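As structure tokens, the structure follows; a few thoughts come after it.
The values are calculated or read from the model by the stated rules, or taken from the named source; none is laboratory data. Everything quoted here is computed from the prediction, not taken from an experiment. Because the Cβ atoms are built from the backbone with ideal geometry, glycine has one as well, and the counts that use them run over all protein chains shown. We work out accessible area using only protein heavy atoms, side chains counted, and drop any ligands, DNA or RNA first. Shrake-Rupley method; radii C 1.70, N 1.55, O 1.52, S 1.80 Å.
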Amino acid sequence: MGGRVTLLITGAVLLASSYLLYDGKRAEMETRDQQNEYQFQGIARGNVESGLARGVSAIKRDLQDVETTFPRTTTDDGYYDLSIVKNLYGDLDVVVQANSGEADYQVDGNVIFTASLPAAFVVEDDVVEVNAAGTYQISGVDRRMDTTVPAAGYSNPVRGLITTEDHRAALAGELDSYRVVGKGSAPEDPVDQGSIIGGYDETDIEAFYQDAKSNATTTLSADPDGNVSETLFSSAAGNSSASNPAIIRAMGNLNLTSSVSGYGMLIVEDGDLNVLGGGLDWEGVVMVRKEWQDTVAVNLQNTTINGGFIAYDYELAPTLGLCVPDFTIDGDEAVVNEPFALRVEVLGAAIVSGEYDMPVTARVNVGGTAYEPWGSYDLALDGNVNTGNSGITYLWEPTEIFEAGSRIAIDARSWTRAEGTDGSLESHWSISMEENSSIEGPQIYLLKDDDPVPSVGGFQGQYSVAEFLDGYIENDMLTVDANQGVSLFELGVTDTGSEAFDLQDLVVMITMIDASQSGCVPGGGTSQLYVDIINSEIHYSSEAIAKLGLHLNTVREDIDVKITETAVQGTQEGEAGVYETGIEADDAEVEENTEGVTTVTVCHNGSEKTIPFAALAAYIGRGATMGTCPIGTTTTTVCHNNKTKVIPLSALPAHLGHGDTEGACQ
């Protein structure tokens with residue numbers, strides 16, 4: 001009887017073991033099925049991201065002209081469908097639907113363009129007055145926002161108003177700080193003063209204008225009274241649209257008495273802008289640029305500008321060929337017979353001695369006074385203009401008006417290095433040769449318009465005279481304005497027959513400007529700009545500015561595409577989440593979503609981890625598998641202080657390092 005009992009017990013044990021084996025196999029099969037499902041989800045997510053990348057690439061290339069529908073794209077393990085929706089404000093929605101196996105995923109992304117001006121309102125001139133009345137607002141905040149705090153889905157704020165440092169305090173006193181908002185705006189902060197700052201830089205603004213000038217879609221000339229036709233302007237503005245912005249140049253006074261709206265860029269050149277009566281509603285940039293006028297007035301009533309407003313005075317570089325003073329050439333000097341302004345530029349310098357470049361210093365003598373605009377004439381390193389391709393521009397444009405009868409001469413020196421020195425100190429250098437254009441001689445040539453350019457080459461492969469004068473030579477003759485001259489210096493040798501006598505050791509261009517003619521001398525008078533803002537609003541809008549990239553390279557080059565609030569929705573077991581594109585998958589922030597679970601379990605290096613679903617692709621790429629780890633791999637036993645303990649497998653190395661042994665205690 002005892003034997004039968006023993007057999008029955010043994011049979012029961014075998015039966016139980018077979019059930020355990022069956023359950024284990026079933027669990028393993030279910031785990032594999034689940035893993036396959038998760039892998040399909042990961043692949044579908046990858047297809048979604050491929051579609052999103054394709055959409056962004058198309059948007060950056062074509063902006064508002066981007067296609068809205070795309071053919072289905074098939075991948076190795078599924079497919080994706082891409083479509084783009086154009087919204088009212090010029091932002092876009094990108095929708096990507098992807099599939100792999102039984103997993104479907106969809107991305108709904110909002111796209112905005114980011115292309116910024118330094119501020120919503122840019123103003124500069126010698127004299128600037130901005131007067132505001134009624135309800136007005138100057139805002140550097142994305143016009144769709146109601147806060148100055150950066151937020152997802154919107155462009156970061158820029159300054160409300162930027163001007164020169166000289167005008168900042170005055171404008172802050174003229175305007176209500178709480179009505180000028182933007183980056184850093186805080187009425188209690190005396191530096192920001194309601195987001196009004198100094199630091200205006202004309203360079204980028206002028207490049208913006210020049211690009212718009214060259215690509216204007218409509219140019220309107222002024223009548224004999226200096227006024228541009230309101231009818232013609234209204235017609236040009238009426239033909240513009242959000243997807244086809246206009247670039248309109250009004251070459252004179254623009255007076256608007258009826259309501260006008262438009263898209264793009266409006267430029268008023270050398271004239272007043274008066275918006276009266278019905279008002280102006282403009283999506284884009286309004287620019288008032290003055291070049292010749294002493295005073296320009298801007299009157300904005302009932303005006304709304306979403307984009308930016310710019311008003312500035314551009315001072316012409318004094319190289320105007322029409323502003324030629326009465327002058328004569330005496331040897332290698334110029335003698336100007338009426339009041340004049342001056343511009344002197346080093347076009348190039350090149351002289352070597354053995355294996356090192358010799359410093360060259362220069363100064364300008366005007367009316368008996370020596371000027372050192374490029375450093376000390378007496379110090380080889382401090383005043384050196386022989387700096388090769390350093391990118392440094394050696395230009396002198398004094399604001400002084402020089403007296404009639406003044407003589408203009410250039411002094412130049414080359415320097416040699418003392419033997420046994422490395423040239424790092426001023427004491428290592430001594431004068432090699434000095435020449436003065438007030439003393440006529442073979443070492444200096446003064447060339448005028450239509451003079452032949454010496455055809456000598458540069459010694460030891462240096463730039464030649466012709467190369468330094470590139471752009472000023474036609475048929476081997478110098479081509480410059482009548483008020484310009486070029487001085488060529490030889491500062492190495494005196495033998496005119498030597499191949500080292502190359503006349504390009506220093507090349508200097510001199511421009512003389514008649515100060516008696518109106519408009520010839522920049523800054524010759526006081527330039528004034530007056531702006532009145534009455535019941536008007538100017539709001540920064542990066543996407544309205546970015547639309548100009550359809551016509552303007554200066555804008556297109558500055559455009560970036562920002563994708564925000566991208567929702568990832570999956571049909572597989574209801575997973576869903578929200579993530580920011582551009583974040584590495586394993587660092588993505590996944591927010592709780594009421595539509596489903598946002599986390600998933602993976603087996604990574606023998607340990608089970610609960611991770612954000614957005615990190616799934618990255619973990620699979622590192623060898624992780626979806627779901628729980630296979631049975632028997634997540635834990636192990638160790639003998640710790642003569643006691644058997646069950647620990648996570650991942651903790652085994654640390655326990656062994658403490659003296660534990662793997663396995664049960666004996």
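Some notes on this structure:
- Extreme residue, most open to solvent (accessible area, probe 1.4 Å), among residues of the stretch 54-65 that are at pLDDT below 80 and under 17 Å from D108 (Cβ atoms): V56
- Annotation: of all residues in the stretch 223-238 being farther than 15 Å from V268 by Cβ and in a helix (DSSP H, G or I), the one that is farthest from the chain's Cα centre (by Cα) is T231.
- Positions within the stretch 450-468 being assigned to a loop (DSSP other than H, G, I, E, B), more than 24 Å from G383 (Cβ to Cβ) and open to solvent by 70 Å² or more (accessible area, probe 1.4 Å), in sequence order: D450, S455
For (1) surrounded by 15 or more Cβ atoms within 10 Å (Cβ to Cβ); (2) touching a residue at least 24 places away in the same chain (Cβ under 8 Å); (3) more than 36 Å from the chain's Cα centre (by Cα), each residue gets a yes or a no:
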{"position": "S376", "(1), (2), (3)": "no, no, yes"}
{"position": "D382", "(1), (2), (3)": "no, yes, no"}
{"position": "G388", "(1), (2), (3)": "no, yes, no"}
{"position": "L395", "(1), (2), (3)": "no, yes, no"}
{"position": "W415", "(1), (2), (3)": "yes, yes, yes"}
{"position": "T421", "(1), (2), (3)": "no, no, yes"}
{"position": "I431", "(1), (2), (3)": "no, no, yes"}
{"position": "P442", "(1), (2), (3)": "no, yes, yes"}
{"position": "I473", "(1), (2), (3)": "yes, no, no"}
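- Residues that are out of contact with any Leu (no Cβ under 9 Å at 6 or more places or on another chain), farther than 30 Å from T68 by Cα and open to solvent by 60 Å² or more (accessible area, probe 1.4 Å), drawn from the stretch 221-250: S221, D223, P224, D225, T231
- Scanning the stretch 256-272 for residues that are open to solvent by less than 60 Å² (accessible area, probe 1.4 Å), part of a strand (DSSP E or B) and either in contact with a Cys (Cβ under 9 Å, 6 or more places away or on another chain) or not hydrophobic (A, V, I, L, M, F, W, C) (or both) turns up G262, G264, E269.
- The C-beta contact set for the stretch 27-56 (first residue of a type in the set (S, T, Y), second residue modelled with pLDDT of 55 or more and assigned to a helix (DSSP H, G or I), distance under 9 angstrom, 6+ apart or interchain) comprises Y38/L616; Y38/I620.
- Pairs, first under 25 Å from I545 (Cα atoms) in the stretch 115-141, second among the aromatic types (F, W, Y) and open to solvent by 10 Å² or more (accessible area, probe 1.4 Å), C-beta under 6 Å, six or more apart: E124/Y200
- Meets criteria (at pLDDT 90 or above, more than 30 Å from N110 (Cα to Cα), open to solvent by 10 Å² or more (accessible area, probe 1.4 Å) and under 32 Å from the mean Cα position of the chain (by Cα)) for Y530: yes
- Checking the stated criteria, T218 turns out to be open to solvent by less than 70 Å² (accessible area, probe 1.4 Å) and modelled with pLDDT of 90 or more.
- Residue within the stretch 392-401 that is part of a loop (DSSP other than H, G, I, E, B), among the polar types (S, T, N, Q) and over 23 Å from P339 (Cα atoms) present: yes
- Index of the failed condition, L276 passing every other in (1) under 29 Å from the mean Cα position of the chain (by Cα); (2) within 22 Å of A133 (Cβ to Cβ); (3) among the hydrophobic types (A, V, I, L, M, F, W, C): (1)
- Residue list for the stretch 334-373, restricted to those being surrounded by fewer than 22 Cβ atoms within 10 Å (Cβ to Cβ), within 42 Å of the chain's Cα centre (by Cα) and not in a strand (DSSP E or B): E355, E372, P373
- When the test is whether a residue is at pLDDT 70 or above, more than 30 Å from K183 (Cα to Cα) and open to solvent by less than 10 Å² (accessible area, probe 1.4 Å), L552 does not pass it.
- Where G354 falls short, out of the listed (1) modelled with pLDDT of 90 or more; (2) out of contact with any helix residue (DSSP H, G or I) (no Cβ under 8 Å at 6 or more places or on another chain); (3) farther than 20 Å from G441 by Cα: (1)
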